[in-house]
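Here, each number is a calculation from the coordinates, and none is a lab measurement. Just so it is clear, the structure is predicted and the values come from calculations on it, not from any experiment. So basically every Cβ, Gly included, is an ideal-geometry build from the backbone, and we count neighbours across all protein chains shown.
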Amino acid sequence: MSIAEHTVATARGLIHYADAGEGPAVLSLHGAMGGVDQGMILARVTGADAGRIIAPARPGYPGTPLASGTTPEAQADLYAALLDHLGLDRVAVIAVSGGGASALMFALRHPGRCRALVLVSTCAGPEPMPIPPGFRLMCMLARWPAFVGWMRRRALKNPDRISTRSIPDAGQRQALLSDPLAMPLYRELRAGMFAGLAERLPGTENDIGVTRVRRFALAEIAVPTLVVHGTRDPLLPYERHGAELARRIAGAELLTVEGGGHAAIFTHRQQVAARVGAFLRLL
């Protein structure tokens, strides 16, 4: 699949995006520490890449200034302006983790342009997560190219090393290692994170702030919705977020990933991709 990247000045601000494939369009919204690279990975690993993939860098990530939208409302309007630029009337939207807030707001503010909504490991409302000390340290060290280069070399030197912090279950780590599609994408995600690391931090810090305080009018969402959430997600607990999204969004479908953590799209790729692909094809 040929991937083209562009930066465009829309009526709502500057935005960088990747564009690949043909057919029904899917807007793929990355999470924290992301960018267009991770938006494309999200679409591929979840089975949402059967048509055309539009993967924007959300504000505060490489190529898109934070000034283009610090709130979920502003980000949703920025996506609509991008669709205007591309001449696209309606899209399906898939979002992971920190991308969920702006996806929910896109469905609320632009329902006529949202063909469907897929929410993967996303937030239903305020989650009082503290900013990890390690993140603050990384913000300081990211200013030093030597540190970033060392971290990237370390990731590339041992690409099959899977962090026990992100995937604590040994069985799930082994399942990921043996998956011929998910593991290369996971390697790509880990190594790519250190490309433009400093440019990924403003958006990540903004996402953390949004996650801690925002509430959403979930009962007012009126587009077909699929919620995908692991029962052992340590960052966004299943009952408070995945199950709550499915309860409050009218008609929402729920894929409960038993034992899945925050990285369930990788550790349970086949289960997730089968359901997401079928959901999008039926609409």
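Counting just the residues of segment 101-131 that are touching a His at 6+ places or on another chain (Cβ under 9 Å) and not aliphatic (A, V, I, L, M), which one comes out farthest from Phe216 (Cα to Cα)? Restricting to residues being touching a His at 6+ places or on another chain (Cβ under 9 Å) and not aliphatic (A, V, I, L, M), the top hit is Ser121. Within segment 169-191, the set of residues being within 15 Å of Thr46 (Cβ to Cβ) and of a type in the set (Gly, Ala, Ser) comprises Ala182 only.
Being in contact (Cβ under 8 Å) with a residue 40 or more places away in the chain and either in a strand (DSSP E or B) or under 16 Å from Ser121 (Cβ atoms) (or both) is a property that holds for Ala273.
Of the listed requirements (1) over 15 Å from Gly31 (Cα atoms); (2) touching a residue at least 60 places away in the same chain (Cβ under 8 Å); (3) in contact with an Asp or Glu (Cβ under 9 Å, 6 or more places away or on another chain), Leu235 misses just one: (1).
Given the criteria without any contact (Cβ under 8 Å) to a residue 40 or more places away in the chain, in a helix (DSSP H, G or I) and buried (at least 21 other Cβ atoms within 10 Å of the Cβ), does Ala219 qualify? It is false that Ala219 is without any contact (Cβ under 8 Å) to a residue 40 or more places away in the chain, in a helix (DSSP H, G or I) and buried (at least 21 other Cβ atoms within 10 Å of the Cβ). Screening the candidates Ala252, Ala246, Ala264, Ala274 for the property of being within 19 Å of Gly31 (Cα to Cα) and among the hydrophobic types (A, V, I, L, M, F, W, C) yields one hit, Ala264. Note on segment 1-37: residues that are at positive phi and touching a residue at least 60 places away in the same chain (Cβ under 8 Å) total 3.
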